[in-house]
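Working notes, structure below.
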Amino acid sequence: MVESNSEKAGNNCNYEADKHDVEKAFTNGSGGRRSLPGIKAGFEQAIELCGYGKFHYVLLAICGLVSTSEEMDVISMSFILPSAQCDLDLNTKSKGWLNSIIFIGMMVGAYFWGSIADSVGRKKVLIVISFMNGFCIVASSFSQTFECLGGSGPVIWSYFAEFQPKAKRGCMLSFMAAFWTFGNLFVAGLAWLIIPTNIGFVTSIFTYNSWRIFLMVCSTPSFLVAFLLFYLPESPKFLLSKGKPDRAMAIFRGIFVTNNKKSPDLYPVAELDFDEKLMQELKEKRESLKGKYTKMLSNMAEHSKELFRRPILKFTIVSITINFTFHIGYYGLMMWFPELFSRFEEYSNTFPNQTAGVCIVTEYIVGKGNQDNAICSAHIPSAVFMESLISLASALPANLIAILGMDWLGRKFFLIFGTMTAGVCSAAMYFVYNSTQNLIATAVFSGAISTANAALDCLITEVFPTHLRATGVAVSMVAARMGGIIGNIVIATLLDQYCPAPTIIVAVLLIGGGLMSLFLPNTTRKELN
């Protein structure tokens, strides 16, 4: 039953090279076994002849869980804003900084770990980052001031993409992007279950209440994936780029055995087609560098310089610009949805028969908080969690459409369509006049932005060459985190002072950033460089 479901999932992604192709490689026309010397193949042919099956679905599950844990790190901050405002004495501006702190950690971590991943390998770096993420979240739950909260981000996309054949890469990268939605839903459900309760304890010198326990629970997936990653091999594409074809061949054979349940001797590739000139350059580079750490630092510096040289320079600038503008809107609004839901609920409870737009609601909340006799309340109505869950769940059908159509309609189509739709929804939020209209606008925004995010992840991962892929994605992530930081700070500053500005700014940036993708090459169903 498991195998039949897996094959059905593979057919949905329009993958041509399946187990029948592997059979043809070493059977004759009458069905009998033949023993011919193996072929010499490049990376794309080698990974296709491995077939597609159990290994790739286990890889998807583990890498998807890494993606889920990262999104849980990010989105969990948005759910503690209303509940932590009394403990940490937060106003709107400090809430914006609280939302931004995790992006600061992820911005620094993205470049540092991405550069190392192009030098020492994807798998090792991912394991270290997962453990660090878990420990950072645990430490954050004990923090008694908001300045101590933070986090870091992984480089999972390069690793996952380098195991995928070109015909299926867009589909599977979109599938992994859907795990961000699962992370959002999981966090919203946990927040609903844990934060409204009275579990925990409060003393005169130390507080460990429900929202802190919620953060502690959110750290669990990071520790889990750190152990699961030990089960996976290093990227064979990375090993080839480092002049290690024997290790890459061993991994290909292992994938072949796992997917086809056949002897490794039956793998039809005997030798990997490897550029001898590149091997010589790699050998000379290794001989010219003394010491492991000197080599690693030298590689990090060289990879970073290469990104800003022709012909890669154009890709780097465009990817930085798209990620910066996109994530101002993505995280700039998404992180504030629970807060907006909470404000609408508070206003409707006070004025049950009146309708009001987001700016009128905000003016009321700000005015109420500025009163001298204002009492801080950390109570969050259940409707806030329900509305958050609905808006996040709306991304599921959008993710399904992206999975089925990414390799058909292409990355640029989904990116432009998603950003334009999300931009229109952002502008429309200024015109909503009750919580129901606000929920509809945020739900459509969530679905559209999730589709665009899946396309952006595919496009940026594929556009850089292998030896620069993790570093290129890392630099793009730095721009994305910077967008998240600025988006949250700007929205926090403008939301209370000049309400219409945030939604209009986000709309313009999303649409403009999406159109920037027209300057990037078409990577749909193309070989990885």
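The values are calculated or read from the model by the stated rules, or taken from the named source; none is laboratory data. Bear in mind the structure is a predicted one, so any value in this text is a computation, not a measurement. Cβ atoms come from the backbone with ideal geometry, glycine included; neighbour counts cover every protein chain shown. All accessible areas refer to the heavy atoms of the entire protein, side chains included, with ligands and DNA or RNA removed. Shrake-Rupley method; radii C 1.70, N 1.55, O 1.52, S 1.80 Å.
Tabulated data
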{"item": "Region 43-53 - phi-based ³J(HN,Hα) in whole Hz, Karplus 6.51/-1.76/1.60, Gly and Pro as x", "result": "4, 4, 5, 4, 6, 5, 6, 6, x, 10, x"}
{"item": "Normalised per residue, the volume of the convex hull around the Cα set of region 301-528 (Å³)", "result": "126 Å³"}
{"item": "Packing rank of 323-332, 499-508, 45-54, where each peptide gets the mean count of other beta carbons within 10 Å, highest leading", "result": "323-332, 45-54, 499-508"}
{"item": "Average accessible surface area per residue within region 189-230, 1.4 Å rolling probe, Å²", "result": "50 Å²"}
{"item": "Phi to ³J(HN,Hα) by Karplus 6.51 cos²θ - 1.76 cosθ + 1.60 over region 467-481, Hz, x for Gly, Pro", "result": "6, 10, 4, 5, 5, x, 5, 5, 4, 5, 5, 4, 5, 5, 5"}
{"item": "Förster radius 25 Å - calculated FRET efficiency between A250 and A61 (Cβ-Cβ, nearest 0.05)", "result": "0.65"}
{"item": "Of all accessible heavy-atom area on region 346-475, the percent that carbon and sulfur account for (1.4 Å)", "result": "66 percent"}
{"item": "Phi-based couplings in Hz for region 116-127 (Karplus 6.51, -1.76, 1.60; Gly and Pro marked x)", "result": "5, 4, 7, 9, 10, x, 6, 4, 4, 5, 4, 5"}
{"item": "Accessible-area value, D73, 1.4 Å probe, nucleic acids and ligands omitted, Å²", "result": "10 Å²"}
